[in-house]
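The structure appears right after this line, and notes come after that.
The values are calculated or read from the model by the stated rules, or taken from the named source; none is laboratory data. Every value quoted in this text rests on a predicted model; they were computed, and no experiment measured them. Don't worry about glycine lacking a Cβ; one is built from the backbone with ideal geometry, like all the others, and counts go over all protein chains shown.
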Amino acid sequence: MLKIAAIVGPTAVGKSKIAVEVAGIIGAEIISADSVQVYKGMNIGAAKITLEESYTTDGNFIPHHMLDIVEPDVQYSVADYKNAVEKLIPEILGRNKLPLLVGGTGLYIQAIIDPYQFEPIPTDWEYRKELHREAEVKGNEHVHGKLALVDPVTAARLHPNDLRRVIRALEVFKATGRPIWAQHRVGKEKSRYNLSIIGLTMPRELLYKRIDERVEQMIAQGFITEVENLLAAGYSCELPAMQSLGYKQICLYLNGKCTLEEAVSLIKRDTRRFAKRQLTWFKRDHRIKWYELTADTDKNRLAAEIATEIGRTINT
């Protein structure tokens, strides 16, 4: 069986830094599992790893894949991601390196580690327009409520403001009569990988503090300018990619619909809620070996411990 590993967890928990150190120890190449980091030009708001951060503390460069794949006006699906990564995995193994999935997009992770098959469902543009009009007139909560009636499982996972995914779930149900999660599980069987999944978490108060600090850091690094540059390049705030967490709120500010202070507050609040949903998603998977970080955690020591656990699990 092919060997792969994954490091998952909520946003801002510190996955990227620890994953680089783990990769250096076990001889891995990292595959990003983040639905926003696939977009070019979306760096600060997506917390995309920099070139400097791709080096271990002892100076070894760790290759990262599935970053900057498409332009922001391209609708990049989980099926697209699955197809690309399933070509990458044997290439990485062929270099005698271990593929290490790292990220917080649960569906991306699961689409790789479990053999999902995706039924191609065409876009119903008229139905999408109808739902967008309903959201404008009656609010996002109304459209989310429609989803809750037909697919409560997906509705519980999605925030009402994640309108793109809410509408897609309704679109799939309209086309097939089945919830979107059922489409993903068609043909599900035992994983074909020797797999080790590591989960990182931390006490909620500390995680929320880190989230708030990260948002402040993003603003200081030039997040507003990044969004302005994307708009100047012709990418609309209405694009699905630009409705991502952080970008949507900065768009509201730039369009005069809220103050910068309000936008920052919204990003912090919505990121905290997003982190909670990520944890809910990952906690369902009992294959995950969890490690809790604290303010005093020695990350290099933890990386060594995780590397040992990955080696033990995939070689069993």
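Values as computed for the structure displayed
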{"read-out": "Some residue of the stretch 281-293 being over 20 Å from Pro203 (Cβ atoms), in contact with a strand residue (DSSP E or B) (Cβ under 9 Å, 6 or more places away or on another chain) and in the same structural domain as Gly9 (by TED's automatic domain parsing)", "value": "yes"}
{"read-out": "Any hit, the stretch 49-56, residues being assigned to a helix (DSSP H, G or I), aromatic (Phe, Trp, Tyr) and closer than 27 Å to Thr313 by Cα", "value": "no"}
{"read-out": "Restricting the stretch 15-41 to residues that are in a loop (DSSP other than H, G, I, E, B) and touching a Gly at 6+ places or on another chain (Cβ under 9 Å), the residue that is nearest to Lys82 (Cα to Cα)", "value": "Ala33"}
{"read-out": "Tally, over the stretch 278-310, of residues that are part of a helix (DSSP H, G or I) and either β-branched (Val, Ile, Thr) or surrounded by fewer than 17 Cβ atoms within 10 Å (Cβ to Cβ) (or both)", "value": "11"}
{"read-out": "Contacts under 8 angstrom Cβ, first residue in the stretch 157-169 being within 17 Å of Trp281 (Cβ to Cβ), partner part of a loop (DSSP other than H, G, I, E, B) and among the charged types (D, E, K, R), 6 or more apart", "value": "Ala169/Asp151"}
{"read-out": "Residues (surrounded by fewer than 18 Cβ atoms within 10 Å (Cβ to Cβ) and of a type in the set (A, V, I, L, M)) located in the stretch 203-218", "value": "Leu206"}
{"read-out": "Single residue of Glu52, Glu71 found to be within 20 Å of Gln217 (Cα to Cα), at pLDDT 95 or above and either surrounded by fewer than 19 Cβ atoms within 10 Å (Cβ to Cβ) or hydrophobic (A, V, I, L, M, F, W, C) (or both)", "value": "Glu52"}
{"read-out": "Of residues in the stretch 255-269 being in a helix (DSSP H, G or I) and either at pLDDT below 95 or β-branched (Val, Ile, Thr) (or both), the one surrounded by the most Cβ atoms within 10 Å (Cβ to Cβ)", "value": "Ile267"}
{"read-out": "Lone unmet requirement of (1) under 21 Å from Ile314 (Cβ atoms); (2) in contact (Cβ under 8 Å) with a residue 40 or more places away in the chain; (3) among the β-branched types (Val, Ile, Thr) for Val36", "value": "(1)"}
{"read-out": "Residue match in the stretch 240-254 (condition: in contact with a Leu (Cβ under 7 Å, 6 or more places away or on another chain) and not in a helix (DSSP H, G or I))", "value": "no"}
{"read-out": "Residue check for Arg165: part of a helix (DSSP H, G or I), at pLDDT 85 or above, of a type outside the set (Gly, Ala, Ser) and not assigned by TED's automatic domain parsing to the domain that holds Ala307", "value": "yes"}
